[in-house]
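S.K.: Below are the C-alpha cells for one structure; questions will follow.
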Amino acid sequence: MMKKLMGAIAFSVILFIGTTGASAQDADMPRVDISGEVRRPQSLSMRDLARFGGEEVRVCEIDGEGNFQGVFMYRGVPLKHLLELAAAAKEDAPFHKLIDLAVEVRGANGSRALLSWGEIMYRQPSNAIIAYRAEPVMPQKDCSSCHKKGEFEKWRAPLSRTIALPRLVLAGDSRTGRSIEGVVSIAVFECAPSMPYVRLKDEQSPSIALVRNGTRIGEVKDLAKFPHRETRVLQVGDGKGFHGAKSFIGVPLAEVLAAQGVAYAPGALFVVSSPGGYRSVFSAGELFLDRMGSGIVLADSAPGSDTLVPGKFSLVFADDVSADRWVKAVDKIEMIEPAKAPMLYIVGVGCGDVSLLTHEAVTCMAKADTFVCTQDIADRFAQYMGSKPVLYDPLLSLANYQKKKNPGLADAEIKARVEEARKEQIKSLKDALAKDMTVAFLEYGDPTIYGSWTYWLYEQVPRARVKVIPGVSAFNAANAMIGVNAAVNGAVVLTVPDGIRRNEDLVRAAGKNGDTIAVFVGLHELKTIVPIFQKYYAADTPVIIAYKAGYARDGKLLKSTLAAVLADAEKEKEKFLGLIYVGPALRQ
C-alpha cells in the first residue's frame, strides 16, 4: 500500500510546488491542517485547495432529525488526495498495512467526524471531499403550482443558508451529520496500536466476541436466525491483484450488531480482527449512514458450501475497490469511542524563520483548539494557527517586559501587575483544560532551555497533561552559522549572565580546560560579564556573537576577542537577539 501511496503523491507534489510560502491574504483565509500519522503534515488555505481542481458532487441534504436542508452542488478536493499528499505512515508497527487507521475531521465549532481509512481510500474519490465551493441548486419553476402558499417557502429557505467552508462532504451518506462545516483539521491516527500481529495459517473463529471500549458485551456463535443473502464481488488486492469473481452468503453486519443492541454512535469506530491480529477498521457512519453500508457483510458460507474455509466467519466489504479490508476468520469486533482528553502542548516553534518549524510542531498546532503565544509568534505563524483563538500573551506576566513597557512604574507596582497577570493567565489556562480543550503554548526555540513556562507551569497543571514538543534552539542555529566543533576541547557550557556572575568557579574551571561557554540573552549585559571572562581566559581568546541566529536574511556573525569584543559589539545595531560564544575552540 505504501508503494502505491508514494507513487500517487507525485502529481500532488508537483501541483503544490511554490505554495509553501503563504501570502498575507492566505493567512486571513480559513486553513485546513493535516497531521497525525503522516510524514508530511500540511497546512492548506482555501487557495491551496482550489489549486487541486477537484470533484463536483450534488447532495440532497437531510439532517439527523430528517429535516430538509437544501440541495447543493459542491466542488472540492477528494480527501483521498489530501491524505496521499500528507503521506500517511505507521512507524515501526508490526502490522504494516494502513487499514487500521482512522481519520478525525474537526470543525472550527468543535464538531468532529470519524472516518475509517478504507472508506476514504477504497471508495471512489468523490465519495469524501473537502469542499471549497458550494452553490444551491434552485428549482427552475415556481413551486406555488404544486405547494400551497406559505408551504413552499420552507423548502426554499434552506437554499439561502450560509455554508461554512471548507466543508467535509460525504456524498454517500443518507444523513448529513458527518458533513462537518468550517473544517480546520484532519488528523490520522492508529486505532489498535497495541494489538499484536502474527501471521497464522488456517485461522479459525468458532465465535465472535463483541467488545465495547474494552468491555465484552456479547458473542456471536452463528448467524442461523438471520435471513441470508448472496453477495457477489470481484476480488482485487493491492498486493497480488485480481483473484476472480467470488460469491459469499451472509448477513449485513449492521443487522448482526443491531441484534446485539449496537446502534449508530457518531464518535464510534469498529476494529475487526482475526486470532492472529489481522485487522480492519470501519466507522459507525460508514456502516449505518452510508448507502453502501449494507455491503459490509459478515459471511458464513459460500454457494454450494455450508462453511467458509479458512475460519467460520469472514468480513467482506463488497463495495471497496480493493479487498485489503476483508478479514478472514473474524473472532473479535470491538467498538471504540475515542475520547478527547485535555492536553497542554509546549511547542518549540524555532528561533527564527518559519522554515525552522518542525513537522511535529505543525501537527500539534493542528490539534490545538486554542493557543498561548506572543503577538510576534501569532503574526509569523498565522498560516498554521488559522482563526483559532489565543488565550493570552505570556509576556504580560514577565517583570522585565512590564518594566520595559512601563518604565515609570515602581518595582512594587510592576510586581503587582505581574502577579495579577499570572493569576488571570493560570485561570484561563485551567478553564480551557476543564473544557477538554487542547492548548498549544508556543515558545521560541527549544522550550526547555530558559523557557518562561518552566518556572511555574508544573505547579498548576498535572504533568500527565503536559507534553513538550522540541524546537530548534538559537544554540543549534548559531552552531550552524559558526560551523566549527565548539566542544572539541571537551565541553560546551550553556548559561545566562546571572549564571556567570553567581558562579565564577564554573568560568574558572571552563577557562582552565579550554571549554566553550555560550551565553543566552547576554547582549545587554556584555559589559558586566566580559570582565569575568577576562579573569580566566586569555585576552586573545576568540569571542563570536551570533546575531539573530535562525533568521536567514538577518543572521550575522561578529568575530572578535575578549580584548576587543566590547568595542566591536558597540558598533552593532542589534542589542537583544544574540548568542555569545567564548572559548579557544572557536579558532578552528
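The values are calculated or read from the model by the stated rules, or taken from the named source; none is laboratory data. Here the structure is a predicted model, which is why all the values come from computation and not from measurement. All Cβ positions, even for glycine, are placed from backbone atoms using ideal geometry, and neighbour counts span all protein chains on display. Note: accessible area is taken over every heavy atom of the protein model, side chains too, but ligands, DNA and RNA are not part of it. Shrake-Rupley method; radii C 1.70, N 1.55, O 1.52, S 1.80 Å.
S.K.: How many residues does region 500-532 hold that are among the acidic types (Asp, Glu) and closer than 16 Å to residue 450 by Cβ? Give the steps one after another, and end with the answer.
M.R.: Going through region 500-532, the residues among the acidic types (Asp, Glu) turn out to be 504-505, 515, 525.
Pick out the ones that are also closer than 16 Å to residue 450 by Cβ and you get 525.
Of the residues in region 500-532, 1 are among the acidic types (Asp, Glu) and closer than 16 Å to residue 450 by Cβ.
S.K.: Considering only region 405-442, how many residues are open to solvent by less than 20 Å² (accessible area, probe 1.4 Å) and either assigned to a strand (DSSP E or B) or farther than 27 Å from residue 520 by Cα (or both)? So that I can check it myself, show each step before the final result.
M.R.: Step one: of region 405-442, the residues open to solvent by less than 20 Å² (accessible area, probe 1.4 Å) are 414, 421, 425, 429, 432, 438-442.
Among the residues that remain, those that are also either assigned to a strand (DSSP E or B) or farther than 27 Å from residue 520 by Cα (or both) are: 429, 432, 438-442.
The total comes to 7.
S.K.: Is it the case that residue 106 is surrounded by 22 or more Cβ atoms within 10 Å (Cβ to Cβ), at pLDDT below 95 and among the basic types (Lys, Arg)? Don't jump to the end; show me each part of the working.
M.R.: Details: surrounded by 22 or more Cβ atoms within 10 Å (Cβ to Cβ): yes; at pLDDT below 95: yes; among the basic types (Lys, Arg): yes.
Spelling it out, residue 106 is indeed surrounded by 22 or more Cβ atoms within 10 Å (Cβ to Cβ), at pLDDT below 95 and among the basic types (Lys, Arg).
S.K.: Against the condition farther than 30 Å from residue 191 by Cβ, modelled with pLDDT of 90 or more and of a type outside the set (Val, Ile, Thr), how does residue 128 come out, does it pass? Steps first, answer last, please.
M.R.: Details: farther than 30 Å from residue 191 by Cβ: no; modelled with pLDDT of 90 or more: yes; of a type outside the set (Val, Ile, Thr): yes.
Spelling it out, it is not the case that residue 128 is farther than 30 Å from residue 191 by Cβ, modelled with pLDDT of 90 or more and of a type outside the set (Val, Ile, Thr).
S.K.: Report yes if some residue within region 400-418 is among the small types (Gly, Ala, Ser) and under 23 Å from residue 447 (Cβ atoms); otherwise report no. Please lay out each step first, then the result.
M.R.: Initial filter on region 400-418 (among the small types (Gly, Ala, Ser)): 408, 410, 412, 416.
Filter once more, so that each one left must be under 23 Å from residue 447 (Cβ atoms): none.
Within region 400-418, not a single residue is among the small types (Gly, Ala, Ser) and under 23 Å from residue 447 (Cβ atoms).
S.K.: Applying the selection to region 175-197, what residues are part of a loop (DSSP other than H, G, I, E, B) and closer than 30 Å to residue 163 by Cα?
M.R.: Scanning region 175-197 gives 175, 176, 177, 178, 179, 180, 181, 182.
S.K.: Continuing with this model, one more query. Considering only residues of region 374-399 that are among the polar types (S, T, N, Q) and modelled with pLDDT of 85 or more, which is surrounded by the most Cβ atoms within 10 Å (Cβ to Cβ)? Write out each step before concluding.
M.R.: Restricting attention to region 374-399, the residues satisfying the condition of being among the polar types (S, T, N, Q) are 374-375, 383, 387, 397.
Restricting the remaining residues to those that are modelled with pLDDT of 85 or more gives 374-375, 397.
Numbers: 374: 18, 375: 10, 397: 21.
That would be 397.
S.K.: Identify all residues within region 443-454 that are part of a helix (DSSP H, G or I) and among the β-branched types (Val, Ile, Thr); write none if there are none. Don't jump to the end; show me each part of the working.
M.R.: Quick first cut of region 443-454, residues part of a helix (DSSP H, G or I) only: 452-454.
If the condition is that a residue be part of a helix (DSSP H, G or I) and among the β-branched types (Val, Ile, Thr), then 454 is the only one that fits.
S.K.: Say whether the condition of being assigned to a helix (DSSP H, G or I) and either of a type in the set (Gly, Ala, Ser) or surrounded by 15 or more Cβ atoms within 10 Å (Cβ to Cβ) (or both) is met by at least one residue in region 270-281. So that I can check it myself, show each step before the final result.
M.R.: Residues of region 270-281 assigned to a helix (DSSP H, G or I): none.
Within region 270-281 (the criterion being assigned to a helix (DSSP H, G or I) and either of a type in the set (Gly, Ala, Ser) or surrounded by 15 or more Cβ atoms within 10 Å (Cβ to Cβ) (or both)), the answer is no, since none of the residues qualifies.
S.K.: Continuing with the same structure: Could you tell me which residue of region 455-469 is nearest to residue 363 (Cα to Cα), considering only residues that are open to solvent by less than 80 Å² (accessible area, probe 1.4 Å) and either among the charged types (D, E, K, R) or part of a strand (DSSP E or B) (or both)?
M.R.: Filtering first and then ranking leaves 469.
S.K.: To continue, here is another question. Yes or no: region 198-212 includes at least one residue that is closer than 26 Å to residue 37 by Cα, part of a loop (DSSP other than H, G, I, E, B) and β-branched (Val, Ile, Thr).
M.R.: Within region 198-212, one or more residues are closer than 26 Å to residue 37 by Cα, part of a loop (DSSP other than H, G, I, E, B) and β-branched (Val, Ile, Thr).
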